[in-house]
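Engineer: Sharing a structure here in structure tokens format.
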Amino acid sequence: MGEAVARAQQGDETAFAVAYRIVQPGLLGYLRGLVGEEAEDVASEAWLEIARDLGRFQGDGAGFRGWTATIARHRALDQLRRQRVRPRAARLEEDALELPDRHSTHDQALESLSTERALELVRALPRDQAEAVLLRVVVGLDGPAAARVLGKRPGAVRTAAHRGLRSLARRLGVPAPAAGPTGTERREGRPQLPTTGPGTDGTTPAPDRPSG
């Protein structure tokens with residue numbers, strides 16, 4: 001994706017559409033977990049800002065995911081403020097917990113759910129846990145990248161994600177993993193919640209980049 005982003009920064013509309021199609025499903029799932037039915041509108045606002053400020057972005061494909069998630073989160077928080085809804089605060093331990101490995105508890109939990117049901121359960125989590133799970137599992141960010149989006153320490157985000165996934169597992173009747181580090185996290189093969197929308201791939205068409 002890094003190559004597509006670089007070409008898009010040079011004005012290649014096709015490359016911008018490629019980057020959009022890669023990022024949008026996870027981004028939309030993240031926003032659905034934050035603002036529910038308003039996700040499509042918030043995503044549209046976010047992509048307008050992304051397109052406008054694309055020339056300022058510096059980084060690779062993974063960095064682009066984090067950058068777009070940060071913009072989307074800001075727009076989601078704006079929407080929540082407009083609705084007079086504040087994200088719930090929660091105290092976090094700074095435990096250096098790792099997410100369960102592939103084919104472990106969170107895989108079993110999430111694979112057994114439909115998208116809407118999964119996001120409904122995630123939205124019921126404390127806000128810090130919900131955002132950590134969405135960024136790690138749906139958007140696909142690693143711990144440090146998710147921490148930068150949330151403005152938290154990586155250990156706090158890992159703790160919140162671990163607790164959120166344990167809570168989802170309990171609700172689904174899946175045996176919870178033992179507490180404590182579980183080894184090196186794996187980005188590839190991490191489960192993702194499928195997204196739904198007007199298109200068959202869960203996305204809407206890429207927005208036109210503003211001229212000028």
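Throughout, read-outs are computed from the coordinates displayed, never taken from laboratory work. Worth saying up front: this structure is predicted, and the values here are computed from it rather than measured. With ideal geometry, Cβ positions are generated from the backbone for all residues, glycine too; neighbour counts draw on all protein chains shown.
Engineer: Quick one: which of 117-126, 161-170 comes out on top by average Cβ neighbours within 10 Å, and what's the full order, highest first? Intermediate values should be presented prior to the final figure.
Structural biologist: Working: 117-126: 19.0, 161-170: 22.5.
Sorting 117-126, 161-170 by mean packing, highest first, produces 161-170, 117-126.
Engineer: Here is a follow-up. Is the stretch 1-91 best put as rounded, prolate or oblate by its Cα gyration tensor, with a ≥ b ≥ c the root eigenvalues, rounded for a/c under 1.5, and otherwise prolate when a/b is larger than b/c, oblate when not? Spell out each step's value before the answer.
Structural biologist: On the way: a/c = 2.30, a/b = 2.07, b/c = 1.11.
Since a/c reaches 1.5 and a/b is larger than b/c, the shape of the stretch 1-91 is classed as prolate.
Engineer: Just order 138-144, 36-42 by mean Cβ neighbour count inside 10 Å, highest at the front, would you? Mind showing how you got there, number by number?
Structural biologist: Details: 138-144: 22.0, 36-42: 16.1.
Those peptides, ordered most packed to least, come out 138-144, 36-42.
Engineer: Something else: With a 10 Å radius around each residue's Cβ, average the other Cβ atoms per peptide and rank 2-9, 19-26, highest first.
Structural biologist: On the way: 2-9: 17.9, 19-26: 22.0.
My ranking of the peptides, most packed first, is 19-26, 2-9.
Engineer: Take the stretch 21-61, drop everything but the C-alpha atoms, weight them equally and run the Debye formula without solvent; then report log10 I(q)/I(0) at 0.14, 0.22, 0.23 Å⁻¹ to two decimals.
Structural biologist: Per q value, in the given order, log10 I(q)/I(0) is -0.34, -0.75, -0.80.
Engineer: Please give the per residue volume of the convex hull enclosing the alpha carbon atoms of the stretch 1-47, rounded to a whole number of Å³. Before the final figure, lay out each step's value.
Structural biologist: Details: hull volume 3.1 nm³, N = 47.
Each residue corresponds to 66 Å³ of Cα convex hull volume.
Engineer: Something else: Test of understanding: what is the full-extension gain from residue 82 to residue 7, defined as 0.36 nm times their sequence separation minus their Cα-Cα distance? Each step should come with its number before you reach the end.
Structural biologist: Details: separation 75, 0.36 × 75 = 27.00 nm, distance 3.59 nm.
Length gained, residue 82 through residue 7: 23.4 nm.
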